[in-house]
Amino acid sequence: MQYLYDESGRRYLDAFAGIVTVSCGHFHPEILNAIVEQSKFLQHATTIYLHHAIADFAEALASKMPGNLKVVYFVNSGSEQGRS
């Protein structure tokens, strides 16, 4: 459920899903614990109000991207992606 496939079968991790569209499994204990622990620090993030955790997460995420993929752009729900 977290992967997308192109016409040749190449697998991509779906990192573009928005709020309420990401399935994390069904009460997996590690995921549930991570959610509980995270909620102790920051329960909800929005780009309307800047919080250092958003910038910290962007830097951490960008550091794991290959090549020149170093820009992180957070959107509300995915509808902001636009159409070309």
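The values are calculated or read from the model by the stated rules, or taken from the named source; none is laboratory data. Small disclaimer: the values here were computed from a predicted structure and weren't measured. We place every Cβ from the backbone using ideal geometry, glycine too, and count neighbours over all the protein chains shown. Please note that ligands, DNA and RNA were not included when accessible areas were found on the heavy atoms of the full protein model with its side chains. Shrake-Rupley method; radii C 1.70, N 1.55, O 1.52, S 1.80 Å.
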Using a 1.4 Å probe and ignoring any ligands, DNA or RNA, find the accessible area of HIS44 and quote it in Å² to the nearest 10. 120 Å²
Roughly how much of LEU13 is accessible, in Å² to the nearest 10, using a 1.4 Å probe? 120 Å²
Per residue, in Å², the accessible surface of region 31-72 once ligands and nucleic acids are set aside, probe 1.4 Å: 88 Å²
Would you check the accessible area of LYS40, probe 1.4 Å, heavy atoms only, in square angstrom rounded to 10? 130 Å²
Simple spin-label estimate for GLN43 and ALA55 in nanometres, 7 Å along Cα-Cβ: 2.5 nm
